Amino acid sequence: MSKAILAATVIFGMFVLAGCGVHDTPGCYGGCALAPGISPAILIYPVSGATAISDASVTVLVAAPSSNGVLSIAPAISPAVGSSIVATNSFVAIPSPLPAPHTAVPPGDTLYAFTYTSLAAHMQYTVVFPSTSGCSSYTCDVGTFTTQ
C-alpha cells in the first residue's frame, strides 16, 4: 500500500470516528452536532448523582433554554441494566414547591416535568434525550440518579 493511500485511509478513518460516538457537546453523543445556538436540556430534579430516589414513582424535572423553542419530546430514563423507560405521563404539572434538593433553574429557561413509575430498586438511571434533528444515533445524557 502506498504512503498516500495509507495516509488517506487514516484521515478518512479519523473523520468517521469524529462523527460517531464522540462528544459533540457536553453529555451529547453521536454523529450530529446540536444546531448552533441550541443548548441541551439540564436535569433539575433529581439532582444528577442523587441516590435514594423513590422506585415507586419519580417526577423528573428538566430545564431547557427558552431560545430553543418549546421542548417537544420527553426524555427516556435508561437503567444501567435493561431497556429504557418512557415517561408514564409526559409534560405533567410542575410541582410547587419544587422538590428538594434541586438544581437552580437557569434564568430564561423553561421548566418541564415528566413522571416515571415502577422503577427497579437500587438501580442507576440515566436521563436521556433522543435526537430530534433527524440523526437517529444522537442522544444527550443530562444526568443520572439511583433509586432506593
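The values are calculated or read from the model by the stated rules, or taken from the named source; none is laboratory data. Since the model is a prediction, treat every value here as computed from it, not as a measurement. Heads up, the Cβs are rebuilt from the backbone with ideal geometry, glycines too, and the neighbour counts pull from every protein chain shown.
In table form, for the structure just shown:
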{"item": "Flag if Asp109 is of a type in the set (Asp, Glu) and over 15 Å from the mean Cα position of the chain (by Cα)", "result": "yes"}
{"item": "Enumeration of residues in segment 76-92 that are of a type outside the set (Ser, Thr, Tyr) and in a strand (DSSP E or B)", "result": "Ala76, Ile77, Pro79, Ile85, Asn89"}
{"item": "Selection status of Ala121, exposed (fewer than 13 other Cβ atoms within 10 Å of the Cβ) and modelled with pLDDT of 95 or more", "result": "yes"}
{"item": "Top-ranked residue of segment 83-114 - restricted to ones that are of a type in the set (Ser, Thr, Tyr) and surrounded by 16 or more Cβ atoms within 10 Å (Cβ to Cβ), ranked as nearest to Phe129 (Cα to Cα)", "result": "Tyr112"}
{"item": "Residue match in segment 72-82 (condition: over 23 Å from His122 (Cα atoms), modelled with pLDDT of 90 or more and buried (at least 17 other Cβ atoms within 10 Å of the Cβ))", "result": "no"}
{"item": "Among (1) assigned to a loop (DSSP other than H, G, I, E, B); (2) in contact (Cβ under 8 Å) with a residue 40 or more places away in the chain - the single one Pro95 does not satisfy", "result": "(2)"}
{"item": "Every residue from segment 35-71 that is modelled with pLDDT under 90, under 13 Å from Asp141 (Cα atoms) and not polar (S, T, N, Q)", "result": "Pro40, Ala41, Ile42"}
{"item": "Selection count, segment 46-68, where residues are in a loop (DSSP other than H, G, I, E, B), of a type outside the set (D, E, K, R) and surrounded by 13 or more Cβ atoms within 10 Å (Cβ to Cβ)", "result": "4"}
{"item": "Checking Thr25 against (1) polar (S, T, N, Q); (2) at pLDDT 65 or above; (3) under 16 Å from the mean Cα position of the chain (by Cα), the condition it does not meet", "result": "(2)"}
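The rows are residues; the columns are (1) in contact (Cβ under 8 Å) with a residue 24 or more places away in the chain; (2) closer than 17 Å to Phe145 by Cα.
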site: Val70; (1), (2): yes, no
site: Ser83; (1), (2): no, yes
site: Tyr112; (1), (2): yes, no
site: Tyr116; (1), (2): yes, yes
